[in-house]
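Every number in this text was worked out from the coordinates using simple rules, so none of it is lab data. What you see is a predicted model, and the numbers here were worked out from it, not measured in a lab. Don't worry about glycine lacking a Cβ; one is built from the backbone with ideal geometry, like all the others, and counts go over all protein chains shown.
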Amino acid sequence: MDIRAELLKRLSRANVARILVKQAQVRIKGRGADIGGYAALWADTATIKVKRRGKVVEMDHYRKGGTPLYDTGELFRGLDAEQSAIPGGVMLTLKGSLIAAFQQAGFKTSGPNVIPFTRAGVRGQRGQPRWYAKNGVTVPARPIMAMPATAQREVARTIARALGAR
């Protein structure tokens, strides 16, 4: 039997690539603690003055205190992984949405951007407070796929177990 085919069969049976998804989800929930932490959300400090019942009041952004990359759940649930045999070994690949790729590296928009301050505003309800970023916004990198030493050891142990090593 072909050794590469047998290797891939054992790893597939154990669904070894799934370890990458688990690590990424733990990293997201922990706000990147295993890699030094994610930058705070802009919404944590953003306020806007709005008129409510005839008075001007300061309003916090609806995502204040939220968890980057986790709040909506779309990016978090959209993570997947696959494994394939390559010359000299096995390749494990973490897959996600396009926004996950942008978040991995960080990005800047050229503006202008309209940023809703309420959930109703996100859903498109008219009359909701918005903030206008005339010159665009900069979103810091929030790495989803990272391989600190602890993650490398966990992947190595998972592969060893799948291949029958103790």
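Would you kindly derive the ³J(HN,Hα) couplings of segment 105-111 from the backbone phi angles with the Karplus curve 6.51 cos²θ - 1.76 cosθ + 1.60 (θ = phi - 60°), listing them in order in whole Hz, with x for Gly and Pro?
9, x, 7, 9, 9, 8, x
Could you compute the FRET efficiency for Lys9 and Lys64, with r as their C-beta to C-beta distance and R0 at 41 Å, rounded to 0.05?
Numbers: r = 49 Å, r/R0 = 1.20.
The calculated FRET efficiency here is 0.25.
Let me check against my output: what whole-number percent is the relative contact order of the chain, with C-alpha pairs under 8 Å and at least 6 apart? All intermediate terms of the calculation are to be shown ahead of the outcome.
On the way: 232 pairs, mean separation 42.8, N = 166.
Once divided by the residue count of the chain, the mean separation gives 26 percent.
Beyond 28 Å, what share of the Cα-Cα pairs of the chain remains, rounded to the nearest whole percent?
40
Where in segment 81-150 are there trypsin sites (Lys or Arg not before Pro) that are in a DSSP coil and have at most 13 other Cβ atoms within 10 angstrom of their Cβ?
Arg123, Arg126, Lys134
Rounded to the nearest 0.05, what FRET efficiency do Leu98 and Ala165 give with R0 = 30 Å and r taken as the Cβ-Cβ distance? Could you check?
0.20
Which of Met145, Thr47, Gly164 sits closest to the plus end of the dipole of the chain, meaning its Cα is farthest towards the positive end, when Lys and Arg get +1 and Asp and Glu get -1 on the C-beta?
Farthest along the dipole direction, towards plus: Thr47.
How big is the C-alpha Rg of segment 1-71 next to the rule-of-thumb value 2.2 N^0.38 Å, as a ratio? Write down the numbers at each step before the final one.
Working: Rg = 22.4 Å, N = 71, 2.2 N^0.38 = 11.1 Å.
Compared with the compact-globule rule of thumb, segment 1-71 sits at 2.02.
Would you calculate a helix-derived [θ] at 222 nm for the chain, using -39,500 (n - 2.57) for each DSSP H run of n ≥ 4 and dividing by the full residue count, to the nearest 500?
-9000 deg cm²/dmol
Between Ser110, Ser84, Ser97, where does the largest GNM mean-square fluctuation fall for the chain, given springs only between Cα atoms within less than 10 Å?
Looking only at Ser110, Ser84, Ser97, the biggest GNM fluctuation is shown by Ser110.
Among Ile19, Ile99, which comes first, then next, by fewest other beta-carbon atoms within 10 Å? Write down the numbers at each step before the final one.
Working: Ile19 21, Ile99 14.
So the ranking, lowest neighbour count to highest, is Ile99, Ile19.
Hey, what do the phi angles of segment 125-139 turn into as Karplus ³J(HN,Hα) couplings, whole Hz, using 6.51/-1.76/1.60 and θ = phi - 60°, x for Gly and Pro?
Coupling constants for segment 125-139: 5, 6, x, 8, x, 9, 10, 10, 9, 4, 9, x, 10, 10, 9 Hz.
Report the full-extension gain for the segment Asp80 to Val50: residue separation times 0.36 nm, less the Cα-Cα distance, to one decimal in nm.
6.6 nm
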